[in-house]
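Right, one structure below, let's go through it.
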Amino acid sequence: MNQLAVFLRESEQILADFDAWREEHSDLDGWPLDDDEHSRRAVKRDADTWRSFNRVRAFAKELVATAEAQVQQLNAAHLQSRWPWQLSVLDGALTQLGALEQDWLETRDALPPTARPGTFAYDDAVAERNDEAWSYLDDWSTHGKALLEIHAAAQDLPPRSPALAPATTHTRPMAPAAAPSSVARR
């Protein structure tokens, strides 16, 4: 969760920096005063966001799956109606990001041996991947906080009422939050 929180902070700052620059360098209708510089800034925004998301990407699917399980365990009174939709958006964005990464790897492997970081062919292919990934990265930046909210709710709230849990013959007191009992995990 810490890596997700870092990504969320970084991506928010990356976008805020880009938006602040764009605000200062656009005309009254919102059109950039310098298209080339705007493009360079957008490429940097996309690359920085991709780089930041890489700290989460390896276990992002697990984060979504865990949150989906936690939502199933929470009392209905403590659920946010937007969470299932947000989890769906995050999962769909992961699928698209995975496809873009696979396309990038195939493109990279097809580049000539002289195409290395710093060459136009390589950097242009990376920029294209990042540009195509931007909306999915923005989905994670926008909706990723739901994972933190769900995790916090699951840590602070007991599971659904015992009437929904399998019947037991006796009742055990709940263990402290640091060492949940097997009953508390259901």
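The values are calculated or read from the model by the stated rules, or taken from the named source; none is laboratory data. Values in this document were obtained by computation on a predicted structure and should not be read as measured data. Positions of Cβ are generated from backbone atoms using ideal geometry, with glycine treated the same way; all protein chains shown enter the neighbour counts. With ligands, DNA and RNA removed, areas are computed over all heavy atoms of the protein, side chains included. Shrake-Rupley method; radii C 1.70, N 1.55, O 1.52, S 1.80 Å.
For the stretch 1-44, how many residues are within 20 Å of residue 127 (Cβ to Cβ) and touching a residue at least 60 places away in the same chain (Cβ under 8 Å)?
4
Can you say whether residue 86 is out of contact with any Cys (no Cβ under 9 Å at 6 or more places or on another chain) and at pLDDT 95 or above, as far as the supplied structure shows? Spell out the reasoning first.
On the way: out of contact with any Cys (no Cβ under 9 Å at 6 or more places or on another chain): yes; at pLDDT 95 or above: yes.
So residue 86 fits the description; yes.
Assess whether residue 37 counts as being at pLDDT 95 or above and either outside any strand (DSSP E or B) or open to solvent by 30 Å² or more (accessible area, probe 1.4 Å) (or both).
Numbers: at pLDDT 95 or above: no; either outside any strand (DSSP E or B) or open to solvent by 30 Å² or more (accessible area, probe 1.4 Å) (or both): yes.
Against the criterion (at pLDDT 95 or above and either outside any strand (DSSP E or B) or open to solvent by 30 Å² or more (accessible area, probe 1.4 Å) (or both)), residue 37 does not qualify.
If residue 71 satisfies all but one of (1) within 21 Å of residue 152 (Cα to Cα); (2) open to solvent by less than 60 Å² (accessible area, probe 1.4 Å); (3) touching a Leu at 6+ places or on another chain (Cβ under 7 Å); (4) at pLDDT 95 or above, what's the number of the condition it fails?
Every condition holds for residue 71 apart from (4).
Has the stretch 51-67 got at least one residue that is farther than 23 Å from residue 154 by Cα and either more than 17 Å from the chain's Cα centre (by Cα) or open to solvent by less than 20 Å² (accessible area, probe 1.4 Å) (or both)?
Yes.
May I ask you to list the residues in the stretch 112-132 that are open to solvent by less than 40 Å² (accessible area, probe 1.4 Å) and assigned to a loop (DSSP other than H, G, I, E, B)?
115
Taking the criterion of being over 25 Å from residue 13 (Cα atoms) and surrounded by fewer than 14 Cβ atoms within 10 Å (Cβ to Cβ), would at least one residue in the stretch 133-155 satisfy it? Can you show your working first?
Taking the stretch 133-155 and keeping what is over 25 Å from residue 13 (Cα atoms), we get 153-155.
Those still in the list that are surrounded by fewer than 14 Cβ atoms within 10 Å (Cβ to Cβ) too: 155.
Checked the stretch 133-155: at least one residue is over 25 Å from residue 13 (Cα atoms) and surrounded by fewer than 14 Cβ atoms within 10 Å (Cβ to Cβ).
How about the stretch 80-110: which of its residues are assigned to a loop (DSSP other than H, G, I, E, B) and surrounded by 14 or more Cβ atoms within 10 Å (Cβ to Cβ)? Before the answer, list the steps.
Going through the stretch 80-110, the residues assigned to a loop (DSSP other than H, G, I, E, B) turn out to be 80-82.
Matches in the stretch 80-110: 80 only.
When you check residue 47 against the structure, is it at pLDDT 95 or above, over 23 Å from residue 147 (Cβ atoms) and small (Gly, Ala, Ser), yes or no? Can you show your working first?
On the way: at pLDDT 95 or above: yes; over 23 Å from residue 147 (Cβ atoms): yes; small (Gly, Ala, Ser): yes.
The answer is yes for residue 47.
Right, residue 21: open to solvent by 20 Å² or more (accessible area, probe 1.4 Å) and in a helix (DSSP H, G or I) or not?
On the way: open to solvent by 20 Å² or more (accessible area, probe 1.4 Å): yes; in a helix (DSSP H, G or I): yes.
When the stated conditions are applied, residue 21 passes them.
Being closer than 19 Å to residue 142 by Cα, part of a helix (DSSP H, G or I) and hydrophobic (A, V, I, L, M, F, W, C): is that true of residue 64 here? Break it down stepwise before answering.
Numbers: closer than 19 Å to residue 142 by Cα: yes; part of a helix (DSSP H, G or I): yes; hydrophobic (A, V, I, L, M, F, W, C): yes.
Criteria met by residue 64.
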